[in-house]
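In what follows, a structure is listed as structure tokens, so that the remarks can point back to it.
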Amino acid sequence: MLTTKKTLSLIAFLLLFLSGLNQAWSRSVEKQTVLAVLTLNIARFTSWPEPAFNAEAPLNLCVFGDNIVQQSFEAIDNKKANNKTIHIINLSRLRNLDRCQLLYLSKLDRSRLKPLLMELKTRPVLTVGENMEFLKAGGMVGLEKINGKMQLSINLHAVKQSKLVISSRLLKLANIVDLPARVH
Amino acid sequence: MNHSKIRLKPLLMSSVVYFAFIPTAYSGQDELMELSVEDLLNVEVISVAKKAKSLNDSPAAIFVITQDDIKRIGATSVPEALRLAPGLDVARIDSNKWAITARGFNGRFANKLLVLIDGRNAYTRAFSGVYWENQDVMLEDVERIEVIRGPGATMWGANAVNGVINIITKHSADTQGGLLVAGGGTEEQGFGAFRYGGKINADTTARAYVKGFKRDENTLKIGGEAGDDWDKVQGGFRMDSQFTAQDSLTVQGDAYRSEINQNSTFPQFSAPYIKNFNETIDTFGGNLLARHNHTFSSTSDYSLQVYYDFYQRDEAFIKESRHVIDIDFQHRFSLLGWNDIVWGAAYRYNHDNFQTGTITEINPSSRNDQLFSTFMQDELTLIDDTLWLTLGSKFEYNDYSGFEAQPTARLMWAPHQQHRLWGAVSRAVRTPSRLEHNATILQKTIPAQPPFIPAINAIFTGNEQFDSEEVISYELGYRTTFIDNVSIDITAFYNKYKKLRTGVDSQPILPTTPTGAAKVLITSENRLSGQTYGFEIAAVWQMLDWWRWDANYSLLKTEYDQQVASDQLGLSPQQRVSLRSAILPWENIELDVLFRYVDTNTAASAFGTAVIKDYVSMDIRLAWQPIKDIELSLVGQNLLAKKHFEYRQEMLATDTEIDRGMYGKLTWHF
């Protein structure tokens, strides 16, 4: 019993002690939150070709991911992007993608990612994903954490194919890659 | 033990209150909204290991154990990682034996839980169960472990009666570079692992690994060393190739060898009618698997998988070698835009060979078995993003119980983005094992009482008429992420079992010589029935970005229709609780604490039932990353007691208590 008590006091002490060290945390931001806000900004710097949606319609931002990803996007629901209201649609299945102007794809099996991006290739859907692998598979915008900071990569080839235009102000901040999807 | 629980509460509560008042700079996202892209790209970003419900939309009781969970709890084996899942009954019998099940009917030879490692079935026909000591993977290369409670027979086939465990390792593209793990301590005396992953060409990546460990012995319940120490060496590889835009190929394999020490208690014909001895088991095995995946479109693909699996074990009780070849085809496609159909067909071939052991004889000693199966499942989208109905069934034919149909119907309703409700009705069977059909085992010798009563040998005798056990299962589940930073997953179930196994004693057969022993033959028959019901709750609370709580609770009620059943089948713990705190107090420090409470339960065995007293246990891990690619960690396991008893094996093993353990570990990525 004595050992049990000792162990428990030790844990309590450890917890309190370590919490004192916590200050470093206050300077940094949680990645998933940044991803959502960055996606909002990317939408603001993108123009869709005319027929993609009519003037009054909202900008449908479709999110495919787990509950953590979906929750982070709640914060940007109803925000404005170039006179459009962002409307978040959480996808349960990768279906009816025609309604999406922006598709945020969190982790997806390699074998499913590539054919999906191939199918979206010529449609005016801005695809945003989380790494270089995503761009190589034919995705347009990749957001990756490198050395503690987010890096924005844009696959110009894929963007052009879909007739979307991304503002040069954003392109300047991005790591530009020009990757035709490997199979032609 | 109750003392410690009470004392703990105010302690933890006070820390909770304390932490809750520490503010973080970007606590509101509004501030972040104001930032420009330049600023956003310059802000210091941290990844927090939040608990995701990635399979949110499956109409089943699924729990996912992630790589991060495995690492942060300091698990050194698959069973230890499984302790994190709600509703799973994980008990360590001794250093090298585990009893694991879901929703009741536990035992070393528990037969109602199916286990798959990267699509390969780890469930053996020999006793209808899993040799857990044989199943290992490079834990650092595990992507996730999916734990599915409830029947999964429609997709995965017979024996997925109470649950399925899917161990999924990472794609080799995600394990590039080197990894070195080394450590040691009191119970985990020494362990090491090395993995290296590289690129073979533009389309192909691969990795290879080798690992080994030596684990210390525990303590016998009656005192003294348990002689259950063991060691193991295992190596393997995985190669993944995307050889065309639409075709991928995975080839992987593992081989292992293990020397397992154990203390056994065998019956014997003459006084003292029981023999206790130490022995060393030599066991080895391996597997090779290839899977080809062809993608037609994002909604249509097929896969063809072939594997070969082999193991051999050599112990006084049984000497067995088993070869399995399995071919599995699956095709997924979408129909009319609202049907997602998966169908498949599989064939499995088993060749085994047994040698007569001290108290065991298998007749015939060698057997070739076949299994043919096919399944079809359709997920109908009744209302887009809101209501889905899944209907399906497996049909199989095996050489032990013949034809089996295992259908399921599941409904999933998403009334709101943050609420999911589902219900299911399914049937599953547990097919007979080789031993149940063909073994003769001396289970126990009841001592002679001279001058009139001779010794009686209780002999388990195989019965080829023994048929499958059956369950009809009703499940109801609810998941919500409605409260900010909290997710709750509740599943209630009612399982109705029929044709459960019981041992039926024959009339005593008198000895033919005056000094001989009388015999009672025990045959397996499908005579028991009963029901289990209960619920499981899994809750996650992300209290702060750097502090997460995971709490699981499960209640299981077991009712047998026959009196003898609890003596023959045991009673699983009625309640289980686990509470985990995961803290990142500093960017490069991780602190994890796991508490477990296991209710009193009963293990059925040939030596009578054992009541296993309820217990509380605690594991702690503290890790520090001094530089980017190096991590040092210190782990304490089963800290609350010097030793505690978790389970008694059905027969032969000597009751062993699990010792407290500590170990240190170094992980180096390069």
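No lab work stands behind these numbers, since they all come straight from the coordinates. Remember, it's a predicted structure, so these values are computed and weren't measured experimentally. Note that we place each Cβ from the backbone using ideal geometry, even for glycine, and neighbour counts take in every protein chain shown.
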- [ ] Considering Cα pairs under 8 angstrom that are at least six residues apart, work out the relative contact order of region A:29-177 and quote it in whole percent.
- [x] 22 percent
- [ ] Shielding by partners for A:32-40, please: the mean number of other protein chain Cβ atoms within 10 Å of each residue's Cβ.
- [x] 5
Open item on the list: If I fit a long axis through the Cα atoms of helix B:2-20 and take the longest principal axis of the Cα atoms of chain B, what angle between them do I get, 0 to 90°, rounded to 10?
Closed with: 10 degrees
Task: Within 10 Å of each Cβ in B:579-587, the average number of Cβ atoms from other chains - done: 4
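So what is the calculated 222 nm ellipticity per residue for chain B, using -39500 (n - 2.57) for each DSSP H run with n of 4 or more, over all residues, to the nearest 500 deg cm²/dmol? Present the calculation step by step, with values, prior to reporting the outcome.
On the way: 8 runs with 55 residues, N = 670.
Theoretical 222 nm ellipticity from helices: -2000 deg cm²/dmol.
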Task: Peptides ranked, highest mean first, by Cβ atoms within 10 Å: ranges B:562-570, B:424-432 - done: B:424-432, B:562-570
Open item on the list: With the crude spin-label approximation of a point 7 Å out along Cα→Cβ, what separation in nm comes out for B:Ile589 versus B:Gln370?
Closed with: 6.4 nm
- [ ] Just name one of B:Gly530, B:Val342, B:Leu289: the one whose Cα is farthest towards the positive end of the charge dipole of the protein assembly as shown (beta-carbon charges, Lys/Arg +1, Asp/Glu -1).
- [x] B:Val342
Open item on the list: Quick check for me: using +1 on Lys/Arg Cβ and -1 on Asp/Glu Cβ, what's the dipole size of chain B about its Cα centre, in debye to the nearest 20?
Closed with: 1540 debye
TODO: Taking the Cα centre of region B:136-199 as origin, sum charge times position over the Cβ atoms of Lys and Arg (+1) and Asp and Glu (-1), and report the length of that vector in debye to the nearest 20.
DONE: 240 debye
TODO: Can you bin chain B into rounded, prolate or oblate? Criterion: square roots of the alpha carbon gyration tensor eigenvalues sorted a ≥ b ≥ c, rounded for a/c under 1.5, prolate for a/b above b/c, oblate for the rest.
DONE: prolate
Task: For region A:29-177: rounded, prolate or oblate by the Cα gyration tensor [a/c cutoff 1.5] - done: rounded
- [ ] Would you work out which of A:Cys62, A:Val29, A:Ala174 lies farthest towards the positive end of the dipole of region A:29-177? Charges go on Cβ: Lys and Arg +1, Asp and Glu -1.
- [x] A:Ala174
Open item on the list: Can you give me the distance in nm between label points at A:Lys107 and B:Met662, each placed 7 Å from the Cα along the Cα-to-Cβ direction?
Closed with: 3.4 nm
Open item on the list: Rounded to the nearest 20 debye, what is the charge dipole size of the protein assembly as shown about its Cα centre when +1 sits on each Lys and Arg Cβ and -1 on each Asp and Glu Cβ?
Closed with: 900 debye
Task: Top positive-direction residue, dipole computed over chain B with Cβ charges, set B:Ser77, B:Phe493, B:Tyr302 - done: B:Phe493
Task: Listed pairs B:Lys275/B:Lys496; B:Lys232/B:Lys499; B:Lys199/B:Lys319; A:Lys107/B:Lys211; B:Lys71/B:Lys97; B:Lys232/B:Lys394 exceeding 31 Å between Cα atoms - done: B:Lys275/B:Lys496; B:Lys232/B:Lys499; B:Lys199/B:Lys319; B:Lys232/B:Lys394
TODO: Using only alpha carbon pairs under 8 Å that are at least six residues apart, calculate the relative contact order of chain B and give it in whole percent.
DONE: 12 percent
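Take the alpha carbon gyration tensor of region B:117-231, find the square roots of its eigenvalues, order them as a ≥ b ≥ c, and report rounded if a/c is under 1.5; if not, report prolate when a/b exceeds b/c, else oblate.
It is oblate, given that a/c is not under 1.5 and a/b is not larger than b/c.
Quote the FRET efficiency, to the nearest 0.05, computed for B:Ile274 versus B:Lys496 with a Förster distance R0 of 41 Å and r equal to the Cβ-Cβ distance.
Using R0 = 41 Å, I get an efficiency of 0.60.
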Open item on the list: Counting only other residues whose beta carbon sits under 10 Å from that of B:Leu579, what net charge do I get with K and R as +1, D and E as -1?
Closed with: +1
